[in-house]
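First up is the structure itself, then whatever we jot down about it.
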Amino acid sequence: MNDLDYEDYLLNIPYPKPDVYSSLAMPVYNAVAYEFKTASDMEAAFCGKTTDHTYSRITNPTVQYFEERVKQITGAFNVTSLNSGMAAISNVFMSIAYAGSNIITSSHLFGNTYSFFVNTMKAFGVEIRFCDLTNEEDTRKNIDENTCGIFLEIITNPQMEVADLSILSAIAQEMNVPLIVDTTIISFSTFKAKNFGVDIEVISSTKYVSGGATSVGGLIIDYATFDWTKNKRLSELAKEHKNHAFNFKLRKEIHRNLGAYMDPRTAYLQTIGLETLHLRYERQSQTCFELAKRLQTLSRVELVNYTGLPDNPYYEVSCRQFGENPGAMLTFDLSSREACFQFLDNLKMIRRATNLFDNKSLAIHPASTIYGNFSQTQRDAMNISDKTIRLSVGLESVNALFEDIKQALQL
Ligand SMILES: *Cc1c(COP(=O)(O)O)cnc(C)c1O
């Protein structure tokens, strides 16, 4: 599928089975369990000999339809939908990590991902090795035979750091470690993770995909490109299932046991979200780029951080990976924490709220909110500045947004 025919393609993905009422939208199958004609049909379904649904914690027709669409857009081997982005991340690592293993990542991470790694995973004997993923040497020297994955965010939130995926995927392949990437910040209608050597993609579908902040959700997109005989925990399974061992472990054990499958009503909303994803993403990213340029002209703004700006340190790698308008999130620095609070309080159109990629524009002061429970030392290590505002750009016009920002800065 190419960019031009995103909607033509997406809007015409058929149902797996004909709908009895010829409904145009995939119905919401709010069912818990599914009935069988005979005991042997039941046995076949439960033992995986047929793909019939049995119980909605495991599979559900509405959720599966959503997964099928994402699979076709991304070209993945398999897609698993969870009930949040965090559930997607935790299900991946619960499937591949083991006591004594380590995860290679950067300290520039979404707050809960950081906490999941350093608090939750650490308690199970998994070591978290923070390194500079934009530095090849530093990345290489941290990897050893117990590394279960390299994990990164494609544009870190909110530091806006961009690692070179061609370098990281080359290291990952050479050292037999899967490359796992959180691509929440750039829509998969534009960014094709498969072409960048990503083995497993995770997404908070709460953001762009949900279609205007309708629902919380997460996706695990498995490209089946990694040889799992190289992972100590999955190597037995991989003798039989080869590159599908991760998917087998996830679908037959982990996601069932953790019980965080997507709700069918969420899948319904997010399927509709997919239909306008590309349009929204293009418009929001273009507005964000234009706003970033205009913000640079304002005297009270000390720094604008958007990787689409030619003077941004990650401009070149960002263009190569994400094109001219790299997403709808930017940050900018004012003179102080007080100036940030004053700015937020003065806003009239832009909403004071967390979340990203709602249809409405949202502004937040990350240091005092998302990172409010972290110590100053931790915030420093994560490069979270007290002077930074994060802006998620919605569907409003660029002129109206710029006017609101100017008046809030008393300019
Ligand atoms: C929001 C977010 C998450 C977590 O997703 P939830 O759906 O809120 O659980 C993970 N990674 C990134 C980059 C995010 O922005």
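The values are calculated or read from the model by the stated rules, or taken from the named source; none is laboratory data. This structure is a prediction, so every number in the text was calculated from the model and none was measured. In this analysis, Cβ positions are derived from the backbone assuming ideal geometry, glycine residues included, and neighbour counts consider all displayed protein chains. For accessibility, only protein heavy atoms count, side chains too; no ligands or nucleic acids. Shrake-Rupley method; radii C 1.70, N 1.55, O 1.52, S 1.80 Å.
Would you please name the residue that is farthest from SER336 (Cα to Cα), looking only at residues in region 367-392 that are at pLDDT 95 or above and within 19 Å of the chain's Cα centre (by Cα)?
Filtering region 367-392 for residues that are at pLDDT 95 or above and within 19 Å of the chain's Cα centre (by Cα), the one farthest from SER336 (Cα to Cα) comes out as SER392.
Report yes if ASN135 is open to solvent by 10 Å² or more (accessible area, probe 1.4 Å) and within 16 Å of the ligand (Cβ to nearest atom), otherwise no. Outline the logic, then answer.
Details: open to solvent by 10 Å² or more (accessible area, probe 1.4 Å): yes; within 16 Å of the ligand (Cβ to nearest atom): no.
Criteria not met by ASN135.
Residue check, PHE36 against (1) of a type in the set (A, V, I, L, M, F, W, C); (2) in contact with a helix residue (DSSP H, G or I) (Cβ under 6 Å, 6 or more places away or on another chain); (3) under 20 Å from GLY217 (Cα atoms); (4) assigned to a loop (DSSP other than H, G, I, E, B), all met but one. Which one?
With (1) of a type in the set (A, V, I, L, M, F, W, C); (2) in contact with a helix residue (DSSP H, G or I) (Cβ under 6 Å, 6 or more places away or on another chain); (3) under 20 Å from GLY217 (Cα atoms); (4) assigned to a loop (DSSP other than H, G, I, E, B) applied to PHE36, the lone miss is (3).
This table checks each residue for (1) farther than 17 Å from MET329 by Cβ; (2) at pLDDT 95 or above.
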position	(1), (2)
TYR98	yes, yes
SER101	yes, yes
SER107	yes, no
PHE130	yes, yes
ASN142	yes, yes
GLU161	no, yes
GLU174	yes, yes
VAL177	yes, yes
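Could you go through region 96-111 and let me know if any residue there is among the hydroxyl-bearing types (Ser, Thr, Tyr), crowded, with 16+ Cβ neighbours inside 10 Å and under 20 Å from LEU234 (Cβ atoms). Step through it out loud before you land on a result.
Here is the first cut: in region 96-111, the ones among the hydroxyl-bearing types (Ser, Thr, Tyr) are 98, 101, 105-107.
Those still in the list that are crowded, with 16+ Cβ neighbours inside 10 Å too: 101, 105-107.
Those left that are additionally under 20 Å from LEU234 (Cβ atoms): 101, 105.
Yes, there is a match, as at least one residue in region 96-111 is among the hydroxyl-bearing types (Ser, Thr, Tyr), crowded, with 16+ Cβ neighbours inside 10 Å and under 20 Å from LEU234 (Cβ atoms).
If you go through region 103-127 one residue at a time, how many are touching a strand residue (DSSP E or B) at 6+ places or on another chain (Cβ under 8 Å) and more than 16 Å from the ligand (Cβ to nearest atom)?
Kept after step one, since they are touching a strand residue (DSSP E or B) at 6+ places or on another chain (Cβ under 8 Å), are these residues of region 103-127: 103-110, 113, 117-118, 121-122, 126-127.
If we keep only those that are more than 16 Å from the ligand (Cβ to nearest atom) too, we end up with 104, 122, 126-127.
Number satisfying all stated conditions: 4.
Only residues that are in a helix (DSSP H, G or I) and either of a type in the set (Lys, Arg) or near the ligand (Cβ under 9 Å from one of its atoms) (or both): list them for region 80-102, please. Before the answer, list the steps.
Of all residues in region 80-102, those in a helix (DSSP H, G or I) come to 85-96.
Result: GLY85, MET86, ALA87, ALA88, ILE89.
Can you report the number of residues in region 199-216 which are outside any strand (DSSP E or B) and out of contact with any Pro (no Cβ under 9 Å at 6 or more places or on another chain)?
12
Return the total of residues in region 164-192 being hydrophobic (A, V, I, L, M, F, W, C) and more than 14 Å from the ligand (Cβ to nearest atom). Reasoning before the result, please.
Our first condition is that a residue be hydrophobic (A, V, I, L, M, F, W, C); within region 164-192, this holds for 165, 167-168, 170-172, 175, 177, 179-181, 185-186, 188, 191.
Filter once more, keeping what is more than 14 Å from the ligand (Cβ to nearest atom): 165, 167-168, 170-172, 175, 177, 179.
Looking only at that region, the number is 9.
Could you tell me how many of the residues in region 58-79 are within 15 Å of THR183 (Cα to Cα) and of a type in the set (Ser, Thr, Tyr)?
Selection size over region 58-79: 1.
State the number of residues belonging to region 224-260 that are aliphatic (A, V, I, L, M), under 16 Å from VAL177 (Cα atoms) and in contact (Cβ under 8 Å) with a residue 60 or more places away in the chain.
Residues of region 224-260 aliphatic (A, V, I, L, M): 224, 234, 237-238, 245, 250, 254, 258, 260.
Applying the additional criterion that residues be under 16 Å from VAL177 (Cα atoms) yields 224, 234, 238, 245.
With the extra rule that they be in contact (Cβ under 8 Å) with a residue 60 or more places away in the chain, the set shrinks to 224, 234.
Adding up the residues that qualify gives 2.
What number of residues within region 160-183 are open to solvent by 10 Å² or more (accessible area, probe 1.4 Å) and over 16 Å from the mean Cα position of the chain (by Cα)? Let's see the steps before the verdict.
Initially, region 160-183 is screened for residues open to solvent by 10 Å² or more (accessible area, probe 1.4 Å), giving 161, 164, 166-167, 169-170, 173-176, 182.
Of the ones still in play, those that are also over 16 Å from the mean Cα position of the chain (by Cα) are 164, 166-167, 169-170, 173-176.
Residues that pass the stated criteria total 9.
Note down all Cβ pairs under 7 Å where the first residue falls in region 66-83 and is over 19 Å from ARG256 (Cβ atoms), the second is open to solvent by 10 Å² or more (accessible area, probe 1.4 Å) and assigned to a strand (DSSP E or B), and they're at least six residues apart or on different chains.
Going by the 7 Å Cβ cut-off, the qualifying pairs are LYS71/ASN78.
Determine whether ILE186 is open to solvent by less than 10 Å² (accessible area, probe 1.4 Å), in contact (Cβ under 8 Å) with a residue 40 or more places away in the chain, under 16 Å from VAL92 (Cα atoms) and of a type outside the set (Asp, Glu).
Working: open to solvent by less than 10 Å² (accessible area, probe 1.4 Å): yes; in contact (Cβ under 8 Å) with a residue 40 or more places away in the chain: yes; under 16 Å from VAL92 (Cα atoms): no; of a type outside the set (Asp, Glu): yes.
When the stated conditions are applied, ILE186 does not pass them.
Just to be sure, is THR62 buried (at least 19 other Cβ atoms within 10 Å of the Cβ), modelled with pLDDT of 95 or more, of a type in the set (Ser, Thr, Tyr) and part of a strand (DSSP E or B)? So that I can check it myself, show each step before the final result.
Details: buried (at least 19 other Cβ atoms within 10 Å of the Cβ): yes; modelled with pLDDT of 95 or more: yes; of a type in the set (Ser, Thr, Tyr): yes; part of a strand (DSSP E or B): no.
Criteria not met by THR62.
With respect to ILE203, is the statement that it is within 10 Å of the ligand (Cβ to nearest atom), touching a Leu at 6+ places or on another chain (Cβ under 6 Å) and among the hydrophobic types (A, V, I, L, M, F, W, C) true? Don't jump to the end; show me each part of the working.
On the way: within 10 Å of the ligand (Cβ to nearest atom): yes; touching a Leu at 6+ places or on another chain (Cβ under 6 Å): yes; among the hydrophobic types (A, V, I, L, M, F, W, C): yes.
Yes: the conditions hold for ILE203.
Residue check: is PHE322 in contact with a helix residue (DSSP H, G or I) (Cβ under 6 Å, 6 or more places away or on another chain) and among the aromatic types (Phe, Trp, Tyr)? Give the steps one after another, and end with the answer.
Numbers: in contact with a helix residue (DSSP H, G or I) (Cβ under 6 Å, 6 or more places away or on another chain): no; among the aromatic types (Phe, Trp, Tyr): yes.
In short, no.
Can you find a residue in region 254-272 that is closer than 21 Å to ARG390 by Cβ and touching a strand residue (DSSP E or B) at 6+ places or on another chain (Cβ under 9 Å)? Break it down stepwise before answering.
From region 254-272, those closer than 21 Å to ARG390 by Cβ are none; that's our starting set.
No, because not a single residue in region 254-272 is closer than 21 Å to ARG390 by Cβ and touching a strand residue (DSSP E or B) at 6+ places or on another chain (Cβ under 9 Å).
Looking only at region 348-361, which residues are open to solvent by 10 Å² or more (accessible area, probe 1.4 Å) and either closer than 20 Å to SER336 by Cα or part of a loop (DSSP other than H, G, I, E, B) (or both)?
Step one: of region 348-361, the residues open to solvent by 10 Å² or more (accessible area, probe 1.4 Å) are 348-349, 351-355, 358-360.
Answer for region 348-361, where residues must be open to solvent by 10 Å² or more (accessible area, probe 1.4 Å) and either closer than 20 Å to SER336 by Cα or part of a loop (DSSP other than H, G, I, E, B) (or both): LYS348, MET349, ARG352, ALA353, THR354, ASN355, ASP358, ASN359, LYS360.
Which one is modelled with the lowest pLDDT among residues in region 396-411 that are loosely packed, with under 13 Cβ neighbours inside 10 Å and outside any helix (DSSP H, G or I)?
LEU411
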